[in-house]
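Notes to accompany the following structure.
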Amino acid sequence: MKYSPNNRVFREYKLNQKYNDIYQKSIQNREEFWKNISENIFWYKKPTKILNSDKPPFYKWFEDGVTNTCYNALDLHIDEGRGNKLAIIYDSPITGTKKNITYNELRDKVALFAGALKNQGVNKGDRVIIYMPMIPEAVIAMLACGRIGAVHSVVFGGFAANELASRIDDSKAKLLVTASCGYEPGRTVHYKPLVNKALELANHKPDKCIIFQREKDKAELDSKIDITWENAHKNAKPAECEKMNANEYAYILYTSGTTGLPKGIVRDIGGHIVALKWTMKNIYNINQDDVWWSASDIGWIVGHSYIVYAPLFYGCTTVLFEGKPVGTPDAGVFWRVISEHKVKSLFTAPTAIRAIKKEDPNGEFFKKYDLSKFDKLFLAGERADPDTIKWFEKLSNSPVIDHWWQTETSWAITSDCTGIESFPVKYGSAFKPVPGYDLKVLNSEGKEVGPGKMGDIVVKLPLPPGTFPTLWGADKRYKENYMSTYPGYYQTYDAGHIDEDGYVWIMSRTDDIINVAGHRLSTGAIEEVLAELNQDSPSEQNQSENVSMTGSEPSSMPVNAANDMMDMEPDLDIPPQMDIEYDSSELTENTWMKKMKKPLIVLVLCFIVFNPSVRQWLGNSLPRVFGTASGMMARQGQVLLLSTIVGVLFFATNLLD
């Protein structure tokens, strides 16, 4: 028996409450909270077990529920009479192609390709690698996997052959879906040679490779393994939706691991649908009649969640963009897309906005377009420096929401929940915890610290639905990597603090903290001081932009480099900066250099001196230096040596004055 959502009950549950009330209910009565929200999706069998906590940290949401990803993304809206509504607006300035696809059209294409997959022997539970550019066929392939219960693993088109091979091996993919090429400004990336090399390197060999031949660049095929997209459809019949248990997997998304092995983040079907559908209204304040645009790539988590799944679960229109923020053809392409397609909100990385700002600092392109329908800009994936945020706010007269989330979570951990209750911007903060995330800041002993105190940011278990229940084939690694440092908590590997108003400030990765004489200095705080100094220096202002220490590129980089950055996997763990006021309006170039040199030399050398590795080296070396000297003498010698170095250090820096 099918169970369809009761939209009226869901809307009343949300709209009659404000943020604090909803947040507290999500933490104190989490099962009731998520049970109510789960009423808003389609179930073949409605779940009676909302949360299974029997084997922490392996929690299970909606354990006995039965549903289907593709049905919730497409068929549900058609059954409710919205089949003629636009599902996808495909806009490719790089090829000069535009295409509108309705929910009816998309469902038919997906069902037929799902039948084609079945004809190639792909069944429920099989893995399918998707290695595609930003074209509608990539979305069709993803949804077709969901329709028949196959587990897709999307790999960014053009990713290195060895990385593709490692994902084929780890997933044991039954089939690979790719295209002949992808297009970048000024160049064509031929996928088939990369696929061939990956298949050569991989120990596991997929049965078949389905290739979509792009019109202007066709690949040479190997008849033993390759089949064209068109030929795969021959004799295929539209496939119906497979009934799936809520805890079966929708997809695997690999991230690079520190051990050389990729980490396969998995997403369970039920929680994925429930959480992502909820976010579209509650976090982003999108309505079903709105057009939403996430300017990312389907190879990354932002593309999975907010190009494909969340907007389609919700039933609005999503923009699929094949292009770059600059160079396709110019720095006005984002504004053209927003104006032409009446986009309500844009979600992108700060890299994109900085690249546009560099090319068009006065917003001349912006002035050419009507952006009256535009409401908000959402940023994530890296540092969003306050200067860039303020530039866009002044240019557009629109709010900028910088929020924080990770590949592991698939949706925001902190944000301004604009569909519930909006809060004032604090430049540099990532706003407040999103309902469902019990966020804490702990010291190295695992004790909670007070407001404004730096520490490790963690989430008290269980994680909410839609996050990652484990790693693909690696339960032990999941537990050891994420859940062992602070038992009972998910370790985000980010450091920061929560202020007295409940705003979260993400300052650094935990391995980027410099511990100097007991003081925890984050790269975020240091970077912001440098950025403010650089920004206020009259002689430098026209030559360079803010410099980042944690992965965000300077916005003065060449256009091609900025575009290449857009192709890199966004590190959603890299947070917004702290906005530290620094009055340097009277600085001359000489005094600026002096003020820069002293703190930089002090910080770097203090880091070297007080680094545990240095202390360990000294501890091992000094006994050999002193020969038969006692351990006490060695320790005294170590202290004396350190004191001497620090004294010389400060004397040397004073010479800079």
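The values are calculated or read from the model by the stated rules, or taken from the named source; none is laboratory data. Just so we're clear, the structure is a prediction, and the values are computed from it rather than from any experiment. With ideal geometry, Cβ positions are generated from the backbone for all residues, glycine too; neighbour counts draw on all protein chains shown. With ligands, DNA and RNA removed, areas are computed over all heavy atoms of the protein, side chains included. Shrake-Rupley method; radii C 1.70, N 1.55, O 1.52, S 1.80 Å.
Of all positions in region 452-469, none carries a residue that is of a type in the set (Val, Ile, Thr) and over 17 Å from residue 412 (Cα atoms). Considering only region 65-88, state which residues are open to solvent by 10 Å² or more (accessible area, probe 1.4 Å) and within 27 Å of the chain's Cα centre (by Cα). Listed by number, the residues that qualify are 71, 86.
Residues are listed down the side, and each one gets a yes or a no for (1) part of a loop (DSSP other than H, G, I, E, B); (2) in contact with a strand residue (DSSP E or B) (Cβ under 7 Å, 6 or more places away or on another chain); (3) open to solvent by 40 Å² or more (accessible area, probe 1.4 Å):
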{"position": "367", "(1), (2), (3)": "no, no, yes"}
{"position": "382", "(1), (2), (3)": "yes, no, no"}
{"position": "387", "(1), (2), (3)": "no, no, yes"}
{"position": "394", "(1), (2), (3)": "no, no, yes"}
{"position": "410", "(1), (2), (3)": "yes, yes, no"}
{"position": "426", "(1), (2), (3)": "yes, no, yes"}
{"position": "436", "(1), (2), (3)": "yes, no, no"}
{"position": "453", "(1), (2), (3)": "yes, yes, yes"}
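May I ask you to verify whether residue 146 is open to solvent by less than 30 Å² (accessible area, probe 1.4 Å), in contact with a His (Cβ under 9 Å, 6 or more places away or on another chain) and not aromatic (Phe, Trp, Tyr)? For residue 146, the condition - open to solvent by less than 30 Å² (accessible area, probe 1.4 Å), in contact with a His (Cβ under 9 Å, 6 or more places away or on another chain) and not aromatic (Phe, Trp, Tyr) - is met.
Filter region 281-294 for residues that are assigned to a loop (DSSP other than H, G, I, E, B), open to solvent by less than 10 Å² (accessible area, probe 1.4 Å) and in contact with a helix residue (DSSP H, G or I) (Cβ under 9 Å, 6 or more places away or on another chain) and give the result. Of everything in region 281-294, those that are assigned to a loop (DSSP other than H, G, I, E, B), open to solvent by less than 10 Å² (accessible area, probe 1.4 Å) and in contact with a helix residue (DSSP H, G or I) (Cβ under 9 Å, 6 or more places away or on another chain) turn out to be 284, 286.
Residues of region 328-341 that are among the small types (Gly, Ala, Ser) and surrounded by 20 or more Cβ atoms within 10 Å (Cβ to Cβ): 331, 332. In this structure, does residue 72 turn out to be polar (S, T, N, Q) and part of a helix (DSSP H, G or I)? Against the criterion (polar (S, T, N, Q) and part of a helix (DSSP H, G or I)), residue 72 qualifies. Yes or no: region 41-64 includes at least one residue that is open to solvent by 50 Å² or more (accessible area, probe 1.4 Å), modelled with pLDDT under 95, more than 28 Å from the chain's Cα centre (by Cα) and of a type in the set (Val, Ile, Thr). Checked region 41-64: no residue is open to solvent by 50 Å² or more (accessible area, probe 1.4 Å), modelled with pLDDT under 95, more than 28 Å from the chain's Cα centre (by Cα) and of a type in the set (Val, Ile, Thr). For residue 401, the requirement of being of a type in the set (Val, Ile, Thr), crowded, with 18+ Cβ neighbours inside 10 Å, assigned to a strand (DSSP E or B) and touching a Phe, Trp or Tyr at 6+ places or on another chain (Cβ under 7 Å) is met. For region 41-69, name all the residues that are assigned to a loop (DSSP other than H, G, I, E, B), hydroxyl-bearing (Ser, Thr, Tyr) and within 15 Å of residue 273 (Cβ to Cβ). The one that is assigned to a loop (DSSP other than H, G, I, E, B), hydroxyl-bearing (Ser, Thr, Tyr) and within 15 Å of residue 273 (Cβ to Cβ): 44. For region 440-455, the set of residues classified as without any contact (Cβ under 8 Å) to a residue 60 or more places away in the chain and of a type in the set (A, V, I, L, M) consists of 441, 442, 449, listed by residue number.
For region 67-90, enumerate the residues that are of a type outside the set (A, V, I, L, M, F, W, C) and within 26 Å of residue 232 (Cβ to Cβ). Scanning region 67-90 gives 68, 69, 71, 72, 75, 83, 90.
Taken over region 99-142, the criterion of being of a type in the set (A, V, I, L, M) and open to solvent by 40 Å² or more (accessible area, probe 1.4 Å) is satisfied by 112 alone.
So residue 159 ticks every box in (1) farther than 23 Å from residue 244 by Cβ; (2) over 19 Å from the mean Cα position of the chain (by Cα); (3) surrounded by fewer than 21 Cβ atoms within 10 Å (Cβ to Cβ) but one. Which box is left unticked? Tallying (1) farther than 23 Å from residue 244 by Cβ; (2) over 19 Å from the mean Cα position of the chain (by Cα); (3) surrounded by fewer than 21 Cβ atoms within 10 Å (Cβ to Cβ), residue 159 fails exactly one: (2).
Kindly provide the set of residues from region 192-203 that are assigned to a loop (DSSP other than H, G, I, E, B) and open to solvent by 50 Å² or more (accessible area, probe 1.4 Å), ordered by number.
If the condition is that a residue be assigned to a loop (DSSP other than H, G, I, E, B) and open to solvent by 50 Å² or more (accessible area, probe 1.4 Å), then 203 is the only one that fits.
In region 342-353, which residue that is out of contact with any Leu (no Cβ under 9 Å at 6 or more places or on another chain) and more than 20 Å from residue 300 (Cα to Cα) is surrounded by the most Cβ atoms within 10 Å (Cβ to Cβ)? By that ranking, first place goes to 344. Pairing each residue of region 417-430 that is within 18 Å of residue 451 (Cα to Cα) with any residue that is polar (S, T, N, Q) and at pLDDT below 95, provided the two are 6+ apart or on different chains, yields C-beta distances under 6 Å for 428/577. Residue check: is residue 475 more than 30 Å from residue 422 (Cα to Cα) and among the acidic types (Asp, Glu)? Judged against the criteria, residue 475 is a match.
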